[in-house]
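The values are calculated or read from the model by the stated rules, or taken from the named source; none is laboratory data. In this text, all values refer to a predicted model and were calculated from it rather than measured experimentally. A quick note on method: Cβ atoms are made from the backbone with ideal geometry, for glycine too, and the neighbour counts reach across all protein chains shown. The accessibility values were calculated without ligands, DNA or RNA, using every heavy atom of the protein model including side chains. Shrake-Rupley method; radii C 1.70, N 1.55, O 1.52, S 1.80 Å.
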Amino acid sequence: QLRPLWKYMLHLYTGRSEIARICAGSDPRQEAQHNAVMGMKCAKSLKLSVQLAELTKPVFALQVFSVLPLKNAIIEKKGLLKDKARLVVPNVTHSLQSLRLINVVYQQLVSSKNAIFRYDHVEHVELLESLWQFLKPGVVRSHHRHSKEWGELGFQGTDPATDFRGMGLLGLEQLVYFAKHYPSQAIHLLDLSNDPNVAYFPFAATSINITAFVLQLFHEHRLHGYLLAREDQILLLDSSLSPEGASEDAACVAKGLEYVHDLYCELYTDFGRTWKAKQPKDLMDFPPIFAELKAQWMAKYP
């Protein structure tokens, strides 16, 4: 409740709007270059601004928006062209481009989640087969498509496609990413799921729950800071020179997706450690253990 009053007092004292103060930097002796901290502060200011609420609705609905008209509208409403700091407008632009990249990455994830696994799509079948090869190197299944052997990977039936219905192709993509890029951790977790000295959990089915939780974190805007902190590495790949920013460069979007997949891998690995440490009696202990893990990660990414 004190925020509007505090903003008003600062505006009277500095002659600047909150977003102008953020994008000018805290040191009046030098102009600030855009960075992750500035990006987060700018995003928070835009989200909380009553004056800009209608303009920024698509941004915080995680929709793909056009940077230029939104930037111009913000400049006009906040009188940014009057600001003496030369980098205020470029920093606002950079912040909007960063938010657009985040939204494009999110929409790509949602698109994968909404894509249904289909056996008549060669690339889908190849992706599923690669999962078996990464997790069971050198082991050949007795049946090519439907087989009880899929249960060894923690699928709940003979047809793994049915397990992916909740998270679509994204559930498979993230599990394959884990097995391909972190094979020792993935195989260790698979072994843990089948360890007779530890309560069983279905490896593949649990992974789909992890994927759903990652998407939830993203939907709740909890991963903005995580991605903004890695933006410098993403921008190294940007060759688009587009006014929309790095979101128009496929390599940058792919790198953003990789960072989200890496987070999924970290989260699933953490689940494995937690499951073993909690010493569950059986699978019935999964809901409270997973709920506790989710609470910890939501505190980690507020």
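A few remarks follow.
- Distance (nanometres) between label positions extended 7 Å along Cα→Cβ at H219 and T158: 3.4
- The Cβ shell under 13 Å around Y106 holds other residues with a net charge of +2, Lys and Arg each +1, Asp and Glu each -1.
- Stretchable slack from Y200 to S66, in nm (0.36 nm times residue separation minus alpha-carbon distance): 43.4 nm
- Loop sites in region 197-302: GluC sites (Glu not before Pro), DSSP, at most 15 other Cβ within 10 Å: E220
- Within the chain, helix-based [θ] at 222 nm, where runs of 4 or more DSSP H residues each add -39,500 (n - 2.57), nearest 500: -19500 deg cm²/dmol
- Both radii were evaluated on the Cα set of region 41-101; the Rg over Rh quotient, with Rh as the Kirkwood radius, amounts to 0.93.
- Column: log10 I(q)/I(0), Debye, Cα scatterers of region 244-294, q = 0.19, 0.25 Å⁻¹: -0.67, -0.89
- Applying a threshold of 29 Å to the alpha-carbon distances of K78/K300; K148/K276; K71/K300; K44/K276; K77/K113; K82/K300 flags K78/K300; K71/K300; K44/K276; K77/K113; K82/K300 as lying beyond it.
- Across the chain, Cα-Cα distances exceeding 37 Å account for 28% of all pairs.
- Net charge of Cβ neighbours under 13 Å - reference L169; Lys, Arg +1; Asp, Glu -1: -1
- Taking a quarter of the surface of the Cα convex hull of region 115-271 gives a mean projected area of 10.8 nm².
- Taking N as its residue count, the alpha carbon Rg of region 188-255 over 2.2 N^0.38 Å: 1.65
- Taking the Cα centre of the chain as origin and assigning +1 to Lys and Arg Cβ atoms and -1 to Asp and Glu Cβ atoms, the resulting dipole is close to 1380 debye.
- Counted residue by residue at 0.36 nm each, then reduced by the alpha carbon distance between them, the extension gain from K136 to L81 reaches 13.7 nm.
- Semi-axis lengths, largest first, of the ellipsoid equivalent to region 88-174 are 37, 13, 10 Å, with √(5λ) applied to each eigenvalue of the Cα gyration tensor.
- Against the criterion of solvent-accessible heavy-atom surface with a 1.4 angstrom probe, R230, R21 sort, most first, into R230, R21.
- With K and R counted +1 and D and E -1, the other residues having a Cβ less than 11 Å from that of P243 yield a net charge of 0.
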